[in-house]
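First, the structure itself, so that you have it in front of you.
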Amino acid sequence: MSWRSLFSQLDRFQKIVLAAIIITLVLIFIGGLVRASGAGLGCPDWPKCFGLWIPPTSVSDLPDTFDASDFNVVKTWTEYVNRLFGVLTGFFIVLTFVFSFSRLKTQPLVTAGSFLVLVMVIFQGWLGGQVVQSGLESWIISVHMITALLILNLLVWIYMQSVQRRVKLFITGSLRRQLKVILWMLLLVILIQVILGTQVREALEGVKRTMPLLERGAWLEHTGLIDPVHRSFSWLVAGLAAYFFWLVKKRKCHFMIVHLSVLLLSIVVLQIISGIGMAYASIPPFLQVMHLWLSAIMIMIPFLALLLIKEGHEKK
């Protein structure tokens, strides 16, 4: 069975959840773009933007109550698009919750999970307002990002719960145990690495704020021990990802697990390359965006693999 044939068998609810996952990934990418471009205060108020539901395109369109020096059309519309995708994500989360009632009797956990993700999205919307009102307080931005990752993975869990009857992975008991151990280790290590990454970002924000005249390329030198720890930890992630890839290839696992191992190892390599690029190329914004976005996918892959293994059937 191929990925395409699996997709063709999805019902309406499953397609809605899958769309919500994809849109959430796009939103995380746009959120990274907002942060890297410094567009977080492109709209200085919330939920409107310069007091308008549709932001201005020129200084002449600004309401009298706002200072023209606060307006940058590129940053304003970057933040506005971020908010629009936030609304679109919320819309699909609401649809997920509404259509989950069709599974209330047969799969009550799906409905419960859909309600929980709806609550988390409402909290995330409120948190977005706090980011603006705080003037881009670093720790609030970090919480905002981690919440987005939790929402993404909860959607993955809901999706896998809804398709569990169609997932049939035939894995021996010993291999299943090995894969679970390595995947839990990967998940834990990647989580720690993501948290370390948010701490590096907060340290960079502190350097930028306290040393405004310092050249961008010298920022990392003033972040303390957190950056070298973050860099060193990446090699542990790479080693575990390489072992996971080697194990599934050696034991000839199901094609889904093999594809996930290839994807994970590829993303880890790209993360290391982008990290080196940021360190030696004065932290270019486009690499910041890719580094953040790839980390969201990287943390999702071992979680998805764990769910696949859990739902698979064991060989006798």
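The values are calculated or read from the model by the stated rules, or taken from the named source; none is laboratory data. Note that the structure is predicted; figures quoted are calculated from it, not measured. Backbone-built Cβ (ideal geometry, glycine too); neighbour counts: all protein chains shown.
Quick grid of which residues meet (1) assigned to a helix (DSSP H, G or I); (2) at pLDDT below 90; (3) of a type outside the set (Phe, Trp, Tyr):
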| site | (1), (2), (3) |
| --- | --- |
| PHE101 | yes, no, no |
| LEU109 | yes, no, yes |
| GLY113 | yes, no, yes |
| LEU118 | yes, no, yes |
| GLY129 | yes, yes, yes |
| ILE140 | yes, yes, yes |
| HIS144 | yes, yes, yes |
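Taking only pairs six or more apart or across chains, which ones have beta-carbon atoms under 9 Å, a first residue in the stretch 271-290 that is surrounded by 17 or more Cβ atoms within 10 Å (Cβ to Cβ), and a second residue that is of a type in the set (Lys, Arg)?
Once the first residue is surrounded by 17 or more Cβ atoms within 10 Å (Cβ to Cβ) and sits in the stretch 271-290, its partners that are of a type in the set (Lys, Arg) give GLY275/ARG231; ILE283/ARG216; GLN288/ARG35; GLN288/ARG201; VAL289/ARG35.
Now a separate question. For the stretch 87-104, give me the residue count where each residue is in contact (Cβ under 8 Å) with a residue 40 or more places away in the chain and under 12 Å from VAL119 (Cβ atoms).
We begin by selecting, within the stretch 87-104, every residue in contact (Cβ under 8 Å) with a residue 40 or more places away in the chain; these are 88-89, 92-93, 95-96, 99-100, 102-103.
Then drop every residue that is not under 12 Å from VAL119 (Cβ atoms), which leaves 93.
Here the count works out to 1.
Is it fair to say THR76 is among the β-branched types (Val, Ile, Thr), over 14 Å from GLY125 (Cα atoms), more than 22 Å from the chain's Cα centre (by Cα) and buried (at least 19 other Cβ atoms within 10 Å of the Cβ)? Steps first, please.
Values: among the β-branched types (Val, Ile, Thr): yes; over 14 Å from GLY125 (Cα atoms): yes; more than 22 Å from the chain's Cα centre (by Cα): yes; buried (at least 19 other Cβ atoms within 10 Å of the Cβ): yes.
When the stated conditions are applied, THR76 passes them.
Is it the case that LEU220 is crowded, with 17+ Cβ neighbours inside 10 Å, in a helix (DSSP H, G or I) and at pLDDT below 80?
Working: crowded, with 17+ Cβ neighbours inside 10 Å: yes; in a helix (DSSP H, G or I): yes; at pLDDT below 80: yes.
Answer is yes for this residue.
Can I ask one more? Could you pull out the residue among ALA39, ALA20 that is farther than 21 Å from THR106 by Cα, modelled with pLDDT under 90 and crowded, with 18+ Cβ neighbours inside 10 Å? Spell out the reasoning first.
Values: ALA20 fails: modelled with pLDDT under 90.
Just one listed residue meets the conditions, ALA39.
I'd like the full set of residues that are in contact with a helix residue (DSSP H, G or I) (Cβ under 6 Å, 6 or more places away or on another chain) and either of a type in the set (Ser, Thr, Tyr) or at pLDDT below 75 (or both), limited to the stretch 170-204.
Across the stretch 170-204, the qualifying residue is only THR198.
OK, next. Would you check if there is a residue in the stretch 293-314 being exposed (fewer than 14 other Cβ atoms within 10 Å of the Cβ), over 17 Å from ILE192 (Cβ atoms) and of a type in the set (Asp, Glu)?
Yes; the residues of the stretch 293-314 include at least one that is exposed (fewer than 14 other Cβ atoms within 10 Å of the Cβ), over 17 Å from ILE192 (Cβ atoms) and of a type in the set (Asp, Glu).
Would you check if there is a residue in the stretch 233-250 being farther than 22 Å from MET185 by Cβ and either touching a Leu at 6+ places or on another chain (Cβ under 8 Å) or not assigned by TED's automatic domain parsing to the domain that holds GLN178 (or both)? Spell out how you get there, then give the answer.
Pass one, the stretch 233-250, residues farther than 22 Å from MET185 by Cβ: none.
Scanning the stretch 233-250, I find no residue that is farther than 22 Å from MET185 by Cβ and either touching a Leu at 6+ places or on another chain (Cβ under 8 Å) or not assigned by TED's automatic domain parsing to the domain that holds GLN178 (or both), so the answer is no.
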